[in-house]
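A quick write-up on the structure given underneath.
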Amino acid sequence: MKIEQLKNELKEYAKSIGVDKIGFTSASPFDEMKNRLKRQQELNFQSGFEEKDIEKRTNPKGLLPEGESIIAIALAYPSKMKDPPSGKKGERRGIFARASWGLDYHAAVRERLDLIEKWLRERVPDVVVKSMVDTGELVDRAVAERAGIGWSGKNCSIITPEFGSYVYLGEMITNIPFPPDQPIENACGDCRLCLDACPTGALVDAGQLNAKRCIAYLTQTKEFLPDEFRTKIGNRLYGCDTCQIVCPKNKGKTNWIHGEFMPDPELAKPLLEPLLKLSNKEFKRKFGSMAGTWRGKKPIQRNAILALAHFKEQSAVPILIELLKEDERPVIRGTCAWALGKIGGGKAKEALHEALHHEKDEEVIREIQKGLALLEES
């Protein structure tokens, strides 16, 4: 079978299994991305979640020596929720980023790549492949851009004409020399809405992100959130969509396509106070199918406490006092202390003074002192 014919048939098959976009590129090195990653390292802009070896991230043949081409795929995910619940006084809600709505996308994209691999093996028995989804070595965006899936926007997301930037990406290196597709011309123009809207200034320039300041990264950390970011995350429990929400290319892109990505509103916008009482087992049972819970419950609960402080939610004071007294985790106790100072009131003040006498952890003591200082300011 001619490779061009195989490529066309694969495109049709991909569509039949729920792949929204497929593109092809060579397995040659990503030299421009290599230079950008080196610059990121020099500036200390990396989050630490990435593969540290730049060569692995930019040289496909280093991962699969027989590699001749790369197949890139994209699956669209929803940008809007049907019947979203509203938070109100006494019943405040947090929010998971859109990329975490519905089924964990790693499993969904991996399933499609596995089906493509099986399809190829039936037609090319000696095919060799290596597939990756998000946590793989290659930079998904660099592959998708060169394969014509979309262009790399100023917000560091791949933007597709059809689905905006609300797409999950995956790729497969293979020894089949598929003819490459043409990249899409960058259509951001002189727009800089994403740069101006970033809550923490993490988008330092077009296409350049200081990941350590990005709320999407900060919500996944497990330690105390640095003071300067505590009032910036709002009610976000995981991730941040601001730079996507303001993007004109995302206007009107609802992407209600795949049932598996449609959110359960009670999971995507959960009540905050009940979150704080969940055991590990309960948390996994309720939220375990979502991509945004891969770091466990501690970051989510810490962020929920900060969200209650953001709302100055008086109804949360009793549970925050309880956690301040009894939780075994210093980060949770300390964040509660800060939140109580932010919310204010006589009971909060009394609890902080009492905690100051009993607390042994130095970091938590500092947070109690911060909470008391906030009470003095209010």
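The values are calculated or read from the model by the stated rules, or taken from the named source; none is laboratory data. The structure displayed is predicted, hence computed values, not measured ones. Positions of Cβ are generated from backbone atoms using ideal geometry, with glycine treated the same way; all protein chains shown enter the neighbour counts.
Consider residue 270 carefully, then state whether it is within 22 Å of residue 317 (Cβ to Cβ) and without any contact (Cβ under 8 Å) to a residue 24 or more places away in the chain. Considered against the rule, which asks whether it is within 22 Å of residue 317 (Cβ to Cβ) and without any contact (Cβ under 8 Å) to a residue 24 or more places away in the chain, residue 270 comes out as no.
Only residues that are in a strand (DSSP E or B), under 22 Å from the mean Cα position of the chain (by Cα) and not hydroxyl-bearing (Ser, Thr, Tyr) were counted in the range 120-152, giving 2.
Note on the range 173-256: enclosed helices (runs of 4 or more DSSP H) holding 1 or more residues that are surrounded by fewer than 18 Cβ atoms within 10 Å (Cβ to Cβ) and not aliphatic (A, V, I, L, M) are 193-197, 227-230. Within the range 312-323, residues that are over 13 Å from residue 349 (Cα atoms) reach partners that are basic (Lys, Arg) and at pLDDT 95 or above with beta carbons closer than 7 Å, at six or more positions or on different chains, in the pairs 312/342; 313/92; 323/333. Residues that are under 28 Å from residue 294 (Cα atoms) and among the hydrophobic types (A, V, I, L, M, F, W, C) were ranked within the range 15-33; the one that is surrounded by the fewest Cβ atoms within 10 Å (Cβ to Cβ) is 17. Of all residues in the range 88-102, those satisfying the criterion of being touching a Phe, Trp or Tyr at 6+ places or on another chain (Cβ under 9 Å) and crowded, with 18+ Cβ neighbours inside 10 Å are 92, 94, 95, 96, 97, 98, 99, 100, 101, 102.
None of 255, 250, 186 is of a type in the set (S, T, N, Q), touching a strand residue (DSSP E or B) at 6+ places or on another chain (Cβ under 6 Å), closer than 27 Å to residue 32 by Cα and in contact (Cβ under 8 Å) with a residue 60 or more places away in the chain except 250. Scanning the range 135-169 for residues that are under 19 Å from residue 246 (Cα atoms) and of a type in the set (D, E, K, R), which turns out surrounded by the most Cβ atoms within 10 Å (Cβ to Cβ)? Filtering first and then ranking leaves 154. For the range 347-361, state whether one or more residues are out of contact with any Leu (no Cβ under 6 Å at 6 or more places or on another chain), in a helix (DSSP H, G or I) and acidic (Asp, Glu). Yes, that holds for at least one residue. Scanning the range 283-309 for residues being assigned to a loop (DSSP other than H, G, I, E, B) and either within 14 Å of residue 334 (Cβ to Cβ) or touching a strand residue (DSSP E or B) at 6+ places or on another chain (Cβ under 7 Å) (or both) gives a total of 1. Restricting to the range 1-39, give me the number of residues that are part of a helix (DSSP H, G or I), in contact with a helix residue (DSSP H, G or I) (Cβ under 9 Å, 6 or more places away or on another chain) and aliphatic (A, V, I, L, M). Going through the range 1-39 one residue at a time, the tally reaches 5. When both residues are 6+ apart or on different chains and their Cβ atoms are under 6 Å apart, which pairs have a first residue that lies in the range 43-57 and is farther than 17 Å from residue 32 by Cβ, and a second that is in a helix (DSSP H, G or I) and at pLDDT 85 or above? Pairs that qualify, where the first residue is farther than 17 Å from residue 32 by Cβ and the partner is in a helix (DSSP H, G or I) and at pLDDT 85 or above, are 46/40; 46/211; 47/211; 47/217; 51/57. Here is a check on your reading of the model: is residue 167 under 26 Å from residue 119 (Cα atoms) and touching a residue at least 24 places away in the same chain (Cβ under 8 Å)? Here the answer is yes, as residue 167 does meet what is asked. Looking at the structure I just gave you, is residue 278 aliphatic (A, V, I, L, M) and assigned to a helix (DSSP H, G or I)? For residue 278, the condition - aliphatic (A, V, I, L, M) and assigned to a helix (DSSP H, G or I) - is not met. State whether one or more residues within the range 325-338 are surrounded by fewer than 14 Cβ atoms within 10 Å (Cβ to Cβ), over 17 Å from residue 223 (Cβ atoms) and in contact with a Lys or Arg (Cβ under 9 Å, 6 or more places away or on another chain). The answer is yes, given that some residue of the range 325-338 is surrounded by fewer than 14 Cβ atoms within 10 Å (Cβ to Cβ), over 17 Å from residue 223 (Cβ atoms) and in contact with a Lys or Arg (Cβ under 9 Å, 6 or more places away or on another chain). Is one or more of the residues making up the range 317-324 outside any helix (DSSP H, G or I) and not hydroxyl-bearing (Ser, Thr, Tyr)? Scanning the range 317-324 turns up no residue that is outside any helix (DSSP H, G or I) and not hydroxyl-bearing (Ser, Thr, Tyr).
Of all residues in the range 45-98, those that are assigned to a loop (DSSP other than H, G, I, E, B), charged (D, E, K, R) and on the phi < 0 side of the Ramachandran plot total 10.
As a summary of the residue check, residue 295 satisfies the conditions (1) of a type in the set (Lys, Arg); (2) modelled with pLDDT of 95 or more; (3) under 22 Å from the mean Cα position of the chain (by Cα) except for the one numbered (2).
If I filter the range 34-80 down to residues being under 23 Å from residue 167 (Cα atoms) and more than 20 Å from the chain's Cα centre (by Cα), which single residue comes out as surrounded by the fewest Cβ atoms within 10 Å (Cβ to Cβ)? Across the range 34-80, the extreme among qualifying residues is 36.
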